[in-house]
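Here the structure is laid out as structure tokens; the discussion comes afterwards.
Please treat every number below as a calculation from the coordinates, not as lab data. Fair warning: this is a prediction, and the values are worked out from it, not measured in the lab.
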């Protein structure tokens, strides 16, 4: 193959890849940042935003949120999550694999890295398993998502905190209902509820094992 043909082939391949790429951005204001049943902002509001990139079966994202500002900590009370993944698709089956890093821009919260494996049972139900490799915990999860009539969207999840070096564990449940308003440039308004059976899932025997129920309201805009 001549150099000219090689150059043309490379350009065509690159153009095809670019044509498949999809990007989106989002920003939201929420009354509480709740993560797997636990408030990350001490039941206070949060401003959040991120960007998503998809090219074929590969995807990546970055997402930011303010978090609780621990007393005496240095840095910024900001969490930055970065995700890289690939959704392997077979005949009637998929295996979605990804790695997620939770990065905190202060010295009071330990960064975390999760490996995630998931598969879709059908268009509405996904089963996922998370493994964190620094603080060492498992988090299996079942996720349900469905678009309803009148531009409503519902999603729910059940999960289970199980840390290697803790006596405690915890079941979590969350549900959220959202509505898209095209007359307001497709702004979403949503409300959610979250419950955890033990708000100290990394605790040891003898500590408080109280459950907690949290509520959230939010406004979200996608670009």
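What the table below lists for this structure:
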item	result
For the stretch 42-149, convex hull of alpha carbons as volume per residue, Å³	144
Fluctuation leader among 61, 194, 24 - the chain, Gaussian network, Cα springs under 10 angstrom	24
Percent RCO, i.e. relative contact order, over the stretch 22-117, from Cα pairs under 8 Å lying at least 6 residues apart	19
Kirkwood hydrodynamic radius of the chain, Cα pairs, Å	19.7
Mean Cα-pair separation over length for the chain, i.e. relative contact order, pairs under 8 Å, 6 or more apart, %	15
Residue among 178, 205, 128 with the largest mean-square fluctuation in a Gaussian network model of the chain, springs linking Cα atoms under 10 Å	205
Helix 3-20 vs. the chain, principal-axis angle (Cα, 0 to 90°, nearest 10)	40
Cα gyration tensor shape of the stretch 138-223, rounded if a/c is under 1.5, else prolate or oblate by comparing a/b with b/c	prolate
